[in-house]
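Asker: Provided herewith is a single structure, encoded as structure tokens, for subsequent inquiry.
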């Protein structure tokens, strides 16, 4: 299998900040709004360089979404920034009514997603956001895997007309994708070709999937690893091509097992190529306070959990055959 390495760990929220600053220099129509978390969202460099295009709305997330929707009417491309919990659950009505329903060109950028928000606990973590945003008609949902891909995604969504939900995180994670990559919305990335099982991963779980693939290779199991960075629109062709070859699939995500990547993949497979599937995700529960590493381990989102899921799905595959 192909060997992936990295020279540094970087937080994906910093990839967003770097992308936003670059956008500000390239496109004068790009504006940014933040709900009192400028430093946490890494929007401070944009705010310093373009103070006339930065709006600090305070802890008033619903108002921020309404302002962003209004700014699009004048041709602006607004990027909103706050924690994922406050970017979705707290303001779902405003997003649905003011942004999605009228197809406003707002980019909803959400940091500190999933369990890896860490010590702030369940009230600030959110494990339902992908599901919430997937259900909105016309909403693009993107969950990149590292710093470089988050930066590339930030640049790409400015070129897409329509509402986008861009999800990223707080902890430093391996930065292993190319710095000069071109991000294509809705186009999955095949990281490793294999023939025994397809592992479809998103966000922080992509690196975990690569670690799992190495462990599986040592046991003689060939895993195909695909980075599903865009949950909606999902790359049906990539999924079906892979799974028709391997005959089974494991999905891996830092999200509730309901409503996220696993469900999106299952919808594709049940209608076009039914086959055994296992889910690596949080099992219908809220999170809790703890370090990111502690929480990923407790809630079963490590490479070892992916390996175990592969073993289960291969057993089902043999029975299914």
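Asker: Would you mind checking the tilt of helix 303-320 against the longest principal axis of the Cα atoms of the chain, expressed as 0 to 90 degrees and rounded to 10?
Answerer: Helix 303-320 sits roughly 50 degrees off the main axis of the chain.
Asker: Continuing with the same structure: Once fully extended, how much extra length lies between residue 266 and residue 179, figured as 0.36 nm per residue of separation less the alpha-carbon to alpha-carbon distance? Don't skip to the end; give the middle numbers.
Answerer: Numbers: separation 87, 0.36 × 87 = 31.32 nm, distance 3.19 nm.
Answer, rounded to one decimal: 28.1 nm.
Asker: Once you have a ≥ b ≥ c as the square roots of the Cα gyration tensor eigenvalues for region 67-164, tell me rounded if a/c is under 1.5, and otherwise prolate or oblate according to whether a/b is larger than b/c.
Answerer: Judged from the Cα gyration tensor, region 67-164 comes out oblate (a/c at least 1.5, b/c at or above a/b).
Asker: If you don't mind, there's one more thing I want to ask. In the chain, what % of DSSP beta bridges are antiparallel (nearest 5)?
Answerer: That works out to approximately 20 percent antiparallel.
Asker: Put a dot 7 Å past each Cα toward the Cβ at residue 160 and residue 2; how far apart are the dots in nm?
Answerer: Those two pseudo-labels are separated by 2.2 nm.
Asker: Another question about this same structure. First check a/c for region 238-297, with a ≥ b ≥ c the square roots of the eigenvalues of its C-alpha gyration tensor; if it is under 1.5, answer rounded, and if not, answer prolate when a/b is larger than b/c or oblate otherwise.
Answerer: prolate
Asker: Compute the long axis of helix 12-26 from its Cα atoms, compare it with the longest principal axis of the Cα atoms of the chain, and write down the angle in degrees, 0 to 90, nearest 10.
Answerer: Between helix and principal axis, roughly 50 degrees.
Asker: Over the Cα atoms of region 1-65, how large are the radius of gyration and the largest Cα-Cα distance (Dmax), in Å?
Answerer: Taking only Cα atoms of region 1-65, I get Rg and Dmax of 14.8, 50 Å.
Asker: Kindly state, to the nearest 0.05, the FRET efficiency for residue 318 paired with residue 40, given R0 = 35 Å and r defined as their beta-carbon distance.
Answerer: About 0.15, to the nearest 0.05.
Asker: How far is helix 261-272 tilted off the main Cα axis of the chain, in degrees rounded to 10, range 0 to 90?
Answerer: 60 degrees
Asker: Rounded, prolate or oblate: which fits region 172-321, taking a ≥ b ≥ c as square roots of the Cα gyration tensor eigenvalues, rounded meaning a/c under 1.5, else prolate when a/b beats b/c?
Answerer: Rounded.
Asker: What is region 84-196's relative contact order, in percent, from Cα pairs under 8 angstrom and six or more apart in sequence?
Answerer: Values: 158 pairs, mean separation 35.0, N = 113.
Rounded, it is 31 percent for region 84-196.
Asker: Would you work out the relative contact order for region 10-174, in percent, from Cα pairs under 8 angstrom that are 6 or more residues apart?
Answerer: Contact order relative to length: 30 percent.
Asker: Counting other C-beta atoms within 10 Å, which of 108, 185, 73 has the fewest, and how do the rest follow?
Answerer: Ascending number of Cβ neighbours within 10 Å: 73, 185, 108.
Asker: Determine the relative contact order of the chain: mean sequence separation of Cα pairs under 8 Å and six or more apart, normalised by residue count, in whole percent.
Answerer: The value is 18 percent.
Asker: For the chain, modelled as a GNM with alpha-carbon contacts under 10 angstrom, which of 236, 52, 128 fluctuates the most?
Answerer: Result for the chain, Cα springs under 10 Å: 52 fluctuates most.
Asker: Counting helices only, and only those DSSP H runs with n ≥ 4, report the 222 nm mean residue ellipticity of the chain as the sum of -39,500 (n - 2.57) divided by its residues, in deg cm²/dmol to the nearest 500.
Answerer: -11500 deg cm²/dmol
Asker: Quick one: what does P(r) look like for region 1-155 with 10 Å bins over all Cα pairs, in whole %?
Answerer: Result returned by the calculation: 11, 41, 37, 9, 2, 0.
Asker: How many nm is it between the label spots at residue 122 and residue 101, if each spot is 7 Å from the Cα in line with the beta carbon?
Answerer: For the pair residue 122/residue 101, the computed spacing is 3.2 nm.
Asker: Okay, moving on. Please work out the FRET efficiency for the pair residue 311 and residue 258, using the Cβ-Cβ distance as r and a Förster radius of 22 Å; give the result to the nearest 0.05. Provide the component values of the computation, followed by the final result.
Answerer: Details: r = 23 Å, r/R0 = 1.06.
About 0.40, to the nearest 0.05.
Asker: So for region 119-190, Kirkwood radius off the Cα pairs, Stokes-Einstein at 10 °C and 1.306 mPa s: how many µm² s⁻¹?
Answerer: The calculation lands on 116 µm²/s.
Asker: Given the alpha-carbon gyration tensor of the chain, what are the semi-axes of its equivalent ellipsoid in whole angstrom, ordered largest first, with each equal to the square root of 5 times an eigenvalue?
Answerer: Each semi-axis is the square root of five times an eigenvalue, giving 33, 19, 18 Å.
All of the numbers you see were taken from the coordinates with simple rules; none came from a lab. All values reported here derive from a predicted model rather than from experimental measurement. So basically every Cβ, Gly included, is an ideal-geometry build from the backbone, and we count neighbours across all protein chains shown.
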